[in-house]
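Down below is the structure, laid out as structure tokens.
The values are calculated or read from the model by the stated rules, or taken from the named source; none is laboratory data. The model shown is predicted, which means the values in this text are computed figures rather than measured ones. Methodologically, a virtual Cβ is constructed for each residue, glycine included, from the backbone with ideal geometry; neighbour enumeration extends over all protein chains shown. Surface accessibility is based on the protein's heavy atoms, side chains included, excluding ligands, DNA and RNA. Shrake-Rupley method; radii C 1.70, N 1.55, O 1.52, S 1.80 Å.
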Amino acid sequence: MTPPLIRTICCIGAGYVGGPTMAVIADRCPAVQVTVVDINQARIDAWNAEDLSKLPVYEPGLDAVVARARGRNLHFSTAVEEQIAAADMVFISVNTPTKTKGLGAGQASDLRWVEACARSVAKAATGHTIVVEKSTLPVRTAEAVQSILAAADPNGGARSFSVLSNPEFLAEGTAIRDLEAPDRVLIGGEDPAAIEALAAIYASWVPDERILRTNLWSSELSKLTANAFLAQRISSINSIAAFCEATGADVREVARAIGTDSRIGPKFLQAGPGFGGSCFQKDILNLVYLCRHFGLPEVADYWESVVQLNTWHQHRIAKLVVQKLFGTVTGKRLAILGFAFKADTNDTREAPAIRICRDLLEEGAQLAIHDPKVEPDQIERDLRLPASEAPDAEAGPTRAALSGEGTWWSSAAVEDALAGADAVLILTEWQHYRSLDWAALAPLMRQPAWVFDARSVVDPAAVAAAGLKFWRIGEGQA
Ligand code: UDX
Ligand code: ADP
């Protein structure tokens, strides 16, 4: 078996996964021409932008990789079918959000974009084409892709296809590092030559022992399982955080103590405002849906509880903010520091800030939201509420505040967000929030003022010295 030599790659989908992944492949494999295609013209234009700070995805290190490869062997285009026709290998890297209606609504993945891609490949491909599933997909999706491709040439013909699963394990904010030095690369498939062709691409920079070959279904299921296990750790530690608060223990101490057990390990034990991001909730709900479908309701319930705990935990944080502020936040100003689902990304998909801010707005709060990377119009879409003008902190309550209507505005600086606020709530662990000068910030706030640190980023002593009241995730009052 000689694996086919891959000279041209086309990746369908120029999002958080497709863009960075292809940039690194192009950077590491200069002999391969890589084109990322998307139906979204604005996105493609942004990937082609002269100014690298305008790339549509913010990832540390991405600009340098794109600068090296773009125009040489990395291209961004909207000519989807033309690029498929020219490719030896096509990656499918489109969005697969949870379905919002119809069969499996709220749980199953919406595969309409994946199916549309499969049909585009069936129509446009030439010669032998290896099709690689990169998007997170439910188990047995490859089967659907395979049948669409097989139906394209019912009588055989000059074209042929091999389908592989190659799930992405990159985490946002560390995508480039995760791609350049992955723990493992997983390739699932039935056709050994196709598997080796893809393995040869990765072998340009990944040691062979880190390239795992499995069957298609194992590969698809491994992705869901990895995310389910990671999310489960977060729900576990957050459940213990709530228990710590009730009992006087400190979740950071508990996490350190259990993390030194080599069987448990220290990673992913950081209590916080709950997990967000495009993968965890979606993948678990997918798993839940599939378990029910395959007649395993107890297994489905087990995994569903991981998501339920996460949702409960976020409502819990909003509720305790209200309780600490004398049981009402109506008309009060609250500063929200951080809207992204974690630091070093501009992504807000499933961000804990969305649920917590919505709860506080529902209570009539006036939110000043600060995030170093998230655009105000994104926050507007997430909160389903247009931004208002930032009111003058000196000039008493606004009409909205007096009528009990929740409003929000975006603050370009932390100082602006805190002006006149009764409380500040830290929801994303941006580096900048670790070194805030609380002595200088405290006088800007209305006293008695609170700091709610859901990410364990501030120094409790500095906050106390500034005369501010302090709550921290998972810290009981001993
Ligand atoms: C995740 C997986 O890590 C990655 O392998 C997969 O390919 C996609 O999904 P991502 O969503 O980018 O990546 O971020 P991750 O770093 O895993 O964090 C997810 C959420 O968990 C964030 O909201 C983060 O703040 C939270 N988290 C993470 C915690 O609350 N505590 C922790 O200890 C770790
Ligand atoms: P991910 O986080 O999985 O990368 P994104 O939503 O960031 O998801 O990106 C997916 C991209 O796929 C979007 O830019 C979208 O326009 C693109 N896309 C979806 N369907 C198609 C399709 N049929 N052809 C080309 N591009 C598509």
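Data overview
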read-out: Pick from the stretch 148-194, criterion touching a helix residue (DSSP H, G or I) at 6+ places or on another chain (Cβ under 7 Å) and β-branched (V, I, T), ranking: farthest from V57 (Cα to Cα); value: I148
read-out: Qualifying residues in the stretch 95-132 (those that are within 16 Å of ligand 1 (Cβ to nearest atom) and at pLDDT below 95) - the one farthest from I9 (Cα to Cα); value: T98
read-out: In the stretch 173-190, the residues that are open to solvent by less than 20 Å² (accessible area, probe 1.4 Å) and either touching a residue at least 60 places away in the same chain (Cβ under 8 Å) or within 16 Å of ligand 2 (Cβ to nearest atom) (or both); value: G173, A175, I176, L179
read-out: Every residue from the stretch 101-125 that is within 15 Å of ligand 2 (Cβ to nearest atom) and over 23 Å from V34 (Cβ atoms); value: S109, D110, L111, R112, E115
read-out: Filter pass, T348 being farther than 21 Å from T225 by Cα, open to solvent by 40 Å² or more (accessible area, probe 1.4 Å) and assigned to a loop (DSSP other than H, G, I, E, B); value: no
read-out: Residue within the stretch 62-70 that is open to solvent by 60 Å² or more (accessible area, probe 1.4 Å) and farther than 26 Å from D27 by Cβ present; value: no
read-out: Subset tally (residues that are open to solvent by 50 Å² or more (accessible area, probe 1.4 Å) and not in a helix (DSSP H, G or I)) for the stretch 210-258; value: 3
read-out: Per-region count, the stretch 463-478, residues of a type in the set (G, A, S) and crowded, with 18+ Cβ neighbours inside 10 Å; value: 2
read-out: Residue pairs meeting the criteria (Cβ under 6 Å; at least 6 apart or on separate chains; first closer than 13 Å to V329 by Cα, in the stretch 422-433; second charged (D, E, K, R) and open to solvent by 20 Å² or more (accessible area, probe 1.4 Å)); value: D422/K332; D422/R446
read-out: Qualifying helices (runs of 4 or more DSSP H) (wholly inside the stretch 14-130; at least 3 residues being of a type in the set (A, V, I, L, M, F, W, C) and touching a residue at least 40 places away in the same chain (Cβ under 8 Å)); value: 18-28, 62-69, 80-86, 112-124
read-out: Test: residue in the stretch 280-290 that is of a type in the set (F, W, Y), more than 16 Å from ligand 1 (Cβ to nearest atom) and surrounded by 18 or more Cβ atoms within 10 Å (Cβ to Cβ); value: yes
read-out: L170 being within 28 Å of A343 (Cβ to Cβ), in a helix (DSSP H, G or I) and of a type outside the set (S, T, Y); value: no
read-out: Subset of the stretch 455-470 [in contact with a Pro (Cβ under 9 Å, 6 or more places away or on another chain), among the hydrophobic types (A, V, I, L, M, F, W, C) and in a loop (DSSP other than H, G, I, E, B)]; value: A466, L468
read-out: Neighbours by Cβ (under 6 Å, 6+ apart or cross-chain): first from the stretch 281-302, farther than 13 Å from L221 by Cβ; second open to solvent by 80 Å² or more (accessible area, probe 1.4 Å) and assigned to a helix (DSSP H, G or I); value: A300/R292
read-out: Residue that is nearest to T21 (Cα to Cα), among those in the stretch 35-71 that are near ligand 2 (Cβ under 9 Å from one of its atoms) and at pLDDT below 95; value: V57
read-out: Test: residue in the stretch 196-210 that is of a type outside the set (G, A, S), away from ligand 1 (no atom under 13 Å from the Cβ) and closer than 27 Å to T98 by Cβ; value: no
